[in-house]
Amino acid sequence: MVLACPAALAQGLPIAKPDEVGMSAQRLTRISDWLRSEVAQHKIPGAVILIVRGGKLAYMDAVGQRGPDSAAPLKSDDIFRIYSMTKPIVSVAALMLSEEGRLLLDAPVARYIPAFANVKVGVEKLDAQGQKTLELVNPRRPMTVQDLLRHTSGLTYGFFGEGLVKKAYVDANISASGDVTNTEFAERIAKMPLVYHPGSTWDYSNSTDVLGRVIEVVSGQTLYQHLKARLLDPLGMSDTSFYVPEPARQARIAEPMADDRVIGVNAFVSDPRIVQKMESGGGGMVSTAHDYARFLMMMRNGGQLDGRRYLSPRTLEYMTSNHLDAGVQRTPLYLPGAGYGFGLGVAVRTSTGEAAFPSPAGEYYWGGAGGTYMWVDPASDLFVVFMMQSPKLRVPYRSILRNMVYAAITESRLSTSR
């Protein structure tokens, strides 16, 4: 195990031996052994694992190389494309504005982006020849900011599932719309039909990209300017950004295998060295294991870190509660999975059973298309950050990793005297 103590301490993460926080060092070492085996088989170039329990760094290791063509060993502070792990950060920023009375979660999105006032829902019907046609109808109710946060907006990515509206999104290449500003992106997607009536259905979508534009409108700043001022700089997340223009930081970017660069339909592993106009609130950021651990430590601490408060405990509890009542339909490709609902920017475990891996109710998680992953388990006082760049192995590795982490827990609950 490599703890990289100076870097960890610089990030404000106190260190503990695994047995001091109810974990088995021998069982944790299995995780590194497994990852080294995967590297040796040329499945992945490398990975970083970071485990915090009881507010202390219990285990961290960096395995393998920075990239398939690099001799440089991967380091725990190397930079990864985190894609959809951007969503929880942007969601927290939105909730901070809500706490200040500047952003209303129940307000129509059109209040902040007028182009959404005229949005329509695409309803499929059969014509006289039995062919599917699309009828555009008024939504039953307006799309709200809360809908953006919980992916019930009626927007879609297009590449999860089938249908005429989803095909239209793919044909329009909405999710890879070129070098446009957040303003231009929001105006463009507002012209697309919704695939569902707002509030009716959970469907993974560009909702958080639109939320990023809402934050810009409310704050009067670009999304990155706002995140940097309100979250990234105060939390000490110096390597978390949308792009990496600096040569010194570019040298630390982790890369996937050459044959593992497809993240979706018409979507490939991006190059953060190339600065573009759009700052994707739904999937555009890069970060490090250290940086993301700072963000999760704030969440673990009930919304505060190092004497500075970002969210109230009540707002954090609200964010990490299930927001999908029985009336909200789940699409066939419901990404949170069995045993999970969805909160505001994160999947939330509603049952200790059902899912195919152990963790108690109340745990919340999300991952990125490039292979990164995180979860926070309040009942076990545990959180995990996993960084790798492998789109095709992101799903199978998540279950393996969870099973091995929970197998290393020797005390299900930590005593308050620790």
Practice item. Taking Gly327 as the residue in question, decide whether it is outside the structural domain of Phe185 (by TED's automatic domain parsing), under 16 Å from the mean Cα position of the chain (by Cα) and farther than 22 Å from Ala62 by Cβ. Key: no
Practice item. Return the residue satisfying two criteria in turn: it lies in segment 403-418 and is among the hydrophobic types (A, V, I, L, M, F, W, C) and closer than 16 Å to Thr29 by Cα, and of such residues it is surrounded by the most Cβ atoms within 10 Å (Cβ to Cβ). Key: Val405
Exercise for review: Could you please find all residues in segment 264-295 being touching a residue at least 40 places away in the same chain (Cβ under 8 Å), over 30 Å from Leu57 (Cα atoms) and part of a loop (DSSP other than H, G, I, E, B)?
Suggested key: Val265, Asn266, Val269, Ser270, Gln276, Lys277, Met278, Glu279, Ser280
Check your understanding: Is at least one residue of segment 212-220 farther than 28 Å from Gly327 by Cα, without any contact (Cβ under 8 Å) to a residue 24 or more places away in the chain and touching a strand residue (DSSP E or B) at 6+ places or on another chain (Cβ under 9 Å)?
Key -> no
Practice item. Answer yes or no as to whether Ala251 is modelled with pLDDT of 95 or more and over 27 Å from His323 (Cβ atoms). Key: yes
**Study point:** Residues of segment 377-402 satisfying the condition of being more than 26 Å from Glu255 (Cα to Cα) and either touching a residue at least 60 places away in the same chain (Cβ under 8 Å) or surrounded by fewer than 15 Cβ atoms within 10 Å (Cβ to Cβ) (or both)
**Key:** Pro378, Ala379, Ser380, Asp381, Leu382
Check your understanding: What residue, of Val262, Val269, is at pLDDT below 95, touching a strand residue (DSSP E or B) at 6+ places or on another chain (Cβ under 8 Å) and buried (at least 18 other Cβ atoms within 10 Å of the Cβ)?
Key -> Val269
Check your understanding: Within the group Gly371, Gly367, Gly362, which residue is touching a Phe, Trp or Tyr at 6+ places or on another chain (Cβ under 8 Å), surrounded by fewer than 23 Cβ atoms within 10 Å (Cβ to Cβ) and within 20 Å of Leu296 (Cα to Cα)?
Key -> Gly367
Exercise for review: Of the conditions (1) over 23 Å from Tyr204 (Cβ atoms); (2) part of a loop (DSSP other than H, G, I, E, B); (3) touching a Leu at 6+ places or on another chain (Cβ under 9 Å), Glu255 clears all except one; give me its number.
Suggested key: (3)
Study note, to complete from the structure: Per the list (1) within 25 Å of Thr372 (Cα to Cα); (2) more than 24 Å from the chain's Cα centre (by Cα), residue check on Ala117 breaks on (1)
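Restricting to segment 113-133, and then to whatever is aliphatic (A, V, I, L, M) and assigned to a strand (DSSP E or B), can you tell me which residue is farthest from Thr208 (Cα to Cα)? Can you show your working first?
Our first condition is that a residue be aliphatic (A, V, I, L, M); within segment 113-133, this holds for 113, 115, 117, 119, 121, 123, 126, 128.
Adding the requirement that they be assigned to a strand (DSSP E or B) leaves 121, 123, 126.
Numbers: Val121: 19, Val123: 24, Leu126: 33 Å.
So, considering only residues that are aliphatic (A, V, I, L, M) and assigned to a strand (DSSP E or B), the one farthest from Thr208 (Cα to Cα) is Leu126.
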Check your understanding: Do any residues in segment 24-47 that are more than 16 Å from Arg394 (Cα to Cα) have Cβ atoms under 6 Å from those of residues that are of a type in the set (D, E, K, R) and not in a helix (DSSP H, G or I), where the two are at least six apart or on different chains, and which pairs are they?
Key -> Ser32/Asp61
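Let me confirm something: among Ala258, Ala248, which residue is farther than 24 Å from Arg309 by Cα, of a type in the set (A, V, I, L, M, F, W, C) and without any contact (Cβ under 8 Å) to a residue 60 or more places away in the chain?
Criteria check complete, one pass: Ala248.
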Review point. Which of the residues belonging to segment 227-240 are assigned to a helix (DSSP H, G or I) and either within 18 Å of the chain's Cα centre (by Cα) or among the charged types (D, E, K, R) (or both)?
Key: Leu227, Lys228, Arg230, Leu231, Leu232, Asp233, Leu235
**Study point:** Residue identified as surrounded by fewer than 17 Cβ atoms within 10 Å (Cβ to Cβ), touching a residue at least 12 places away in the same chain (Cβ under 8 Å) and over 15 Å from Asp203 (Cβ atoms) among Ala110, Ala128
**Key:** Ala110
Check your understanding: Quick one: is Tyr397 within 18 Å of the chain's Cα centre (by Cα), hydroxyl-bearing (Ser, Thr, Tyr) and farther than 14 Å from Pro336 by Cα?
Key -> yes
Review point. Inside segment 141-188, can you point out the residues that are surrounded by 20 or more Cβ atoms within 10 Å (Cβ to Cβ) and over 21 Å from the mean Cα position of the chain (by Cα)?
Key: Met143, Val165, Tyr169
Check your understanding: Taking segment 193-221 as the region of interest, how many residues are part of a helix (DSSP H, G or I) and either of a type in the set (A, V, I, L, M, F, W, C) or surrounded by fewer than 24 Cβ atoms within 10 Å (Cβ to Cβ) (or both)?
Key -> 8
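The values are calculated or read from the model by the stated rules, or taken from the named source; none is laboratory data. Only a predicted model underlies this, so the values are computations on that prediction, with no experimental measurement involved. No Cβ is skipped: glycine too gets one built from the backbone with ideal geometry, and neighbour counts run over all protein chains shown.
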